[in-house]
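Please read the structure below before turning to the comments.
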Amino acid sequence: MFTKTFFSTLAAAALFAASASAICPGYKFGVSLTSNNGPWQVLDNACNIVHKVDAKNPCTAGVFDCNSAQTSPTALHLNGQNYACNADPNPESCNGQTIQVCCN
C-alpha cells in the first residue's frame, strides 16, 4: 500500500512540476510582445528573458524574419543560431505577457 501511494504521489508531483512554468512544449523559445509599442521578448521555456527587441516592429530589427504582412515572426536569429517560429498552439503567458510564437 505504501509503495502504491508513494509512486502515485511522486507521479503527480512530477506532472505538476513539468507543467507549472514551462511554455512552448517541444520548442526552445517563446516570443511575447509586452505592449503595442514593444519591446518584444524572447523567453526560454522557464519564462526567463534571454533577449529583448526594443522596436515597435520586430521585423525591422534584424533578429526576426516575419510573415509577408510583417506582423508576426516566422524565424528567430539568436547567438548565431536560426530557429523557425510558429504560432503558439496553446494559450500561454510568461510574467503576464501572452506568448505570440514558439521557436525551435
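The values are calculated or read from the model by the stated rules, or taken from the named source; none is laboratory data. No experiment lies behind these values; they were computed from the predicted model shown. Note: ideal-geometry Cβ built from the backbone for every residue, glycine included; neighbour counts use all protein chains shown. All accessible areas refer to the heavy atoms of the entire protein, side chains included, with ligands and DNA or RNA removed. Shrake-Rupley method; radii C 1.70, N 1.55, O 1.52, S 1.80 Å.
When Cys103 is tested against (1) open to solvent by less than 20 Å² (accessible area, probe 1.4 Å); (2) of a type outside the set (Asp, Glu); (3) more than 13 Å from Tyr27 (Cα to Cα), just one condition goes unmet, and that condition is (3). Among the residues of region 41-59, those identified as among the hydrophobic types (A, V, I, L, M, F, W, C) and either touching a Ser or Thr at 6+ places or on another chain (Cβ under 7 Å) or open to solvent by 50 Å² or more (accessible area, probe 1.4 Å) (or both) are Leu43, Ala46, Cys47, Ile49, Val50. I'd like the residue in region 60-71 that is outside any strand (DSSP E or B) and in contact with a strand residue (DSSP E or B) (Cβ under 6 Å, 6 or more places away or on another chain) and, out of all such residues, is surrounded by the fewest Cβ atoms within 10 Å (Cβ to Cβ). Checked region 60-71; the qualifying residue surrounded by the fewest Cβ atoms within 10 Å (Cβ to Cβ) is Asn67. For region 74-96, the tally of residues that are open to solvent by less than 80 Å² (accessible area, probe 1.4 Å), of a type outside the set (D, E, K, R) and at pLDDT below 90 stands at 2.
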